[in-house]
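Take a look at the structure set out below.
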Amino acid sequence: MIAPSDRTPLPRDFFDRPVLDVAPDLLGRILVRSTPDGPIALRLTEVEAYDGPNDPGSHAYRGRTARNGVMFGPPGHVYVYFTYGMWHCMNLVCGPEGRASGVLLRAGEIVEGAELARIRRLSARNDKELAKGPARLATALGVGRDLDGTDACAAGETPIRIVAGTPAPSHQVRNGPRTGVAGEGGNGDVHPWRFWIADDPTVSPYRAHAPRRRRS
DNA sequence: TAACCGATACACT
DNA sequence: GTGTATCGGTTAT
């Protein structure tokens, strides 16, 4: 169950900070997804920061487009993108409006509504896999492009909100190169902006960027 | 119009 | 644990 104190979304000020401050602070927080069938709550265990203007790994790096427009808007809103022609991934917009920074939600532990998540994640072999990976997380929560631009800080029965939860103590926070971003993880390791909770079984395995095989 | 992007499932070892 | 097949949307040309 969600405690009454957990019904209040984190304020917009929480997200209106440098993305590298927000990202680790999101670990241990609870994402509450309201669906017609009931709520699903997820404790965040792994995130990645993307800093629009400086960050070649960010969708916003090349400027504003129809797809990434939400990233350029006010903080505390949800940016959802479609990838691999099959899946969605979910981000939270951070920093001041126009900065186009965001945090990709990579993994978490379902703490309420697991029965609803299991229906969407039939291939998961156990509950730890329900949201282990960004597309799995979005699938488990039933998040698609229709939720792009949702305000996660709004009051009332919103589709998505982030509540305080129990922030991960800093001594349990680890960071390292981001998954699947070109140039990271090798000698470069220029952006060790993946943050996770140490030893948490729901954190996704690290995979270096796979070089593309030339199309024949 | 075509190149490019990228997370997962599953088969296999 | 490793290798491979899978796709539609986005962007630049």
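The values are calculated or read from the model by the stated rules, or taken from the named source; none is laboratory data. These figures come from a predicted structure and were not determined experimentally. Please note: Cβ atoms are built from the backbone with ideal geometry, for glycine as well, and neighbour counts cover all protein chains shown. The area values use the complete protein model at the heavy-atom level, side chains included, leaving out ligands, DNA and RNA. Shrake-Rupley method; radii C 1.70, N 1.55, O 1.52, S 1.80 Å.
A few remarks follow.
- The stretch A:20-37 - residue that is at pLDDT below 95 and in contact with a helix residue (DSSP H, G or I) (Cβ under 8 Å, 6 or more places away or on another chain) and, of those, least open to solvent (accessible area, probe 1.4 Å): A:T35
- Selection of the stretch A:64-92 for residues being more than 10 Å from DNA strand B (Cβ to nearest atom), of a type in the set (G, A, S), assigned to a loop (DSSP other than H, G, I, E, B) and surrounded by fewer than 15 Cβ atoms within 10 Å (Cβ to Cβ) yields only A:A66.
- Of all the criteria given as (1) surrounded by fewer than 18 Cβ atoms within 10 Å (Cβ to Cβ); (2) modelled with pLDDT under 95; (3) within 16 Å of the chain's Cα centre (by Cα), the one not satisfied by A:P167 is (2).
- Qualifying positions in the stretch A:139-164 - open to solvent by 10 Å² or more (accessible area, probe 1.4 Å) and not in a loop (DSSP other than H, G, I, E, B): A:T139, A:R145, A:D146, A:L147, A:D151
- Count - residues of the stretch A:114-149 that are within 16 Å of DNA strand C (Cβ to nearest atom), closer than 23 Å to A:T8 by Cβ and of a type outside the set (A, V, I, L, M, F, W, C): 1
- Residue identified as in contact (Cβ under 8 Å) with a residue 12 or more places away in the chain and within 11 Å of DNA strand B (Cβ to nearest atom) among A:G95, A:G133: A:G133
- Verdict on A:Y61 being of a type outside the set (D, E, K, R) and either under 24 Å from A:T158 (Cβ atoms) or in a strand (DSSP E or B) (or both): no
- Within the stretch A:175-205, being over 25 Å from A:P75 (Cβ atoms), open to solvent by 30 Å² or more (accessible area, probe 1.4 Å) and at pLDDT 90 or above holds for A:D199, A:P201.
- Any hit, the stretch A:106-113, residues being out of contact with any Phe, Trp or Tyr (no Cβ under 9 Å at 6 or more places or on another chain), more than 16 Å from DNA strand C (Cβ to nearest atom), closer than 15 Å to A:F195 by Cβ and at pLDDT 95 or above: yes
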